[in-house]
Amino acid sequence: MMMEKTGEITSGYLDGHLLIAMPSMRDTRFARTVIYVCAHNEDGAMGLVTNKLLGSLTFPDLLEQLGLPQTDPLRDIRIHFGGPVEAGRGFVLHSADYNRDGTMIMEHGIALTATIDILQEIAAGGGPQRNILALGYAGWGPGQLESEIQDNAWLHVAPDEQLLFNEDIDSMWDRAIGKIGIDSSMLSGVAGRA
């Protein structure tokens, strides 16, 4: 795989980075999305959309469906649209202060856990200090993400906890673009080639 080394990328893969959808994104499910790339290698990529909520399902509803009690009604846990693949599968992207069996520690102080145990701990008022609960994920086959990047569908940037776990998800896309040093109003929705 040939990718230009930029910033902190040394392997040529984008795991541990954020993808930022370009205005030219044709797939409406990903328009103005920010995706945390959990895994990226020669077999493809997997990530979680971090700035879109599922409006139809609440955390208490999810716990009820799973047969889990909710003991901390004061926590407002929002459920994110993680992506269109396996929409019933849950993932918790979180700060690395939480590390149990089944937790995958990634770069930049970020971790991923996909077990019922983390949901039980969050419901009881514990778990990681910062988290994003997502249903579904975004997936790419071998070479697909690289092709989309070459077609100007995505930009990428290293994440930070303030950007990733900020409660203001409505401005996350603009803040992610700004982190690269780009004024989002200057981006065109039309892609082209020289």
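Worth a mention:
- Checklist (1) at pLDDT 90 or above; (2) acidic (Asp, Glu); (3) more than 21 Å from Gln120 (Cα to Cα); (4) in a loop (DSSP other than H, G, I, E, B) applied to Glu86, failing item: (4)
- Filtered by the rule that a residue be in contact (Cβ under 8 Å) with a residue 60 or more places away in the chain, surrounded by 13 or more Cβ atoms within 10 Å (Cβ to Cβ) and in a helix (DSSP H, G or I), the stretch 123-148 gives Ala123, Leu145, Glu146.
- For the stretch 52-83, the set of residues classified as assigned to a loop (DSSP other than H, G, I, E, B) and touching a strand residue (DSSP E or B) at 6+ places or on another chain (Cβ under 8 Å) consists of Lys52, Leu54, Leu57, Thr58, Ile77, Arg78, Gly82, Gly83, listed by residue number.
- Subset of the stretch 89-105 that is outside any strand (DSSP E or B) and at negative phi - its residue that is surrounded by the fewest Cβ atoms within 10 Å (Cβ to Cβ): Asp101
- Some residue of the stretch 106-118 being aliphatic (A, V, I, L, M), at pLDDT 95 or above, in contact with a His (Cβ under 7 Å, 6 or more places away or on another chain) and surrounded by 13 or more Cβ atoms within 10 Å (Cβ to Cβ): yes
- Candidate set from the stretch 149-174 (those that are touching a strand residue (DSSP E or B) at 6+ places or on another chain (Cβ under 8 Å) and more than 16 Å from Met22 (Cα to Cα)); member that is surrounded by the most Cβ atoms within 10 Å (Cβ to Cβ): Pro159
The values are calculated or read from the model by the stated rules, or taken from the named source; none is laboratory data. The structure displayed is predicted, hence computed values, not measured ones. Cβ coordinates were reconstructed from backbone atoms using ideal geometry, including for glycine residues, and neighbour counts include every protein chain displayed.
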